[in-house]
């Protein structure tokens, strides 16, 4: 039985209605790059993205609350909600006529590798799309959270137009979603290639700052990047992304541990 039998093969990209989301906000540099690349390949491209930064919101959505949407122009909307809210409204009535055929999310500012994956709002929007029967691709760019890094968007901007049709052609019932991370490059010819790989793991420790609050008994905790970008083991997405490769990891919305399912005997 195919796990995602409700996902249909895509028509050619030029014939697709495409919905673009992200978690950094509708005016981020990454979503501009993704929108521009998609518009070079298809005419029917729409954007529904958060009105403010919603990073690390995973699959959170605004249950039992109004979600306000502001139209920015004919095909762009700012959503006062989470990335999943953007996917929900974009797939359920915001866009007139037929439903989108494909959801693209990103390009995220920073990695969505290893432990980032379940926390990512960029990926959360894609998981919601897949849950609703629409294939999806999440894109992220290594290094963009470091504002001082020169040319930090180079890989995403230069590689997306050629890579996007190849990625879309892989989507269907057996591959409903892809997670793509672009390496940080100093020049386009520094790219080592594309690796289809499993998600990896980072080395510990977790970085958490704690300080006393302003009132008795109050503590304040602060955490930004939980772990350093250091691979725990080779041959995973973080290892290859930091080594100069575009990484492509097929994902699924199921969280079932199949090995555990087969082993548990009650």
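Coordinate-derived values only; no laboratory data. This is a predicted model, so every value here is computed, not measured. Glycine gets a Cβ as well: all are built from the backbone with ideal geometry, and neighbour counts include every protein chain shown.
Here are some notes:
- Dividing the mean sequence gap of close Cα pairs (under 8 Å, 6+ apart) by how many residues the stretch 1-107 holds gives a relative contact order of 35 percent.
- This ranking places 197, 256 by how few other beta-carbon atoms lie within 10 Å of each, fewest first, which gives 256, 197.
- Using C-alpha pairs below 8 Å separated by at least 6 residues, the relative contact order for the chain is 19 percent.
- Whole-angstrom gap from the stretch 104-141 to the stretch 3-30, using each part's C-alpha centre: 11 Å
- Expected 222 nm ellipticity per residue - DSSP helices of 4 or more, -39500 (n - 2.57), all of the chain, to 500: -7000 deg cm²/dmol
- Kirkwood Rh and Cα Rg combined as Rg over Rh, evaluated for the stretch 78-197: 0.98
- Rotationally averaged projected area of the stretch 130-262 (alpha carbon convex hull; nm²): 12.5 nm²
- Considering only beta bridges that DSSP places wholly inside the stretch 173-251, some 70 percent are antiparallel.
- Across all C-alpha atoms in the chain, the radius of gyration and Dmax reach 18.8, 62 Å.
- Between the stretch 199-235 and the stretch 48-100, the C-alpha centres lie 30 angstrom from each other.
- Sorting 166-175, 98-107 by their mean Cβ neighbour count within 10 Å, with the most densely packed peptide first, gives 98-107, 166-175.
- This ranking places 153, 253 by how few other beta-carbon atoms lie within 10 Å of each, fewest first, which gives 253, 153.
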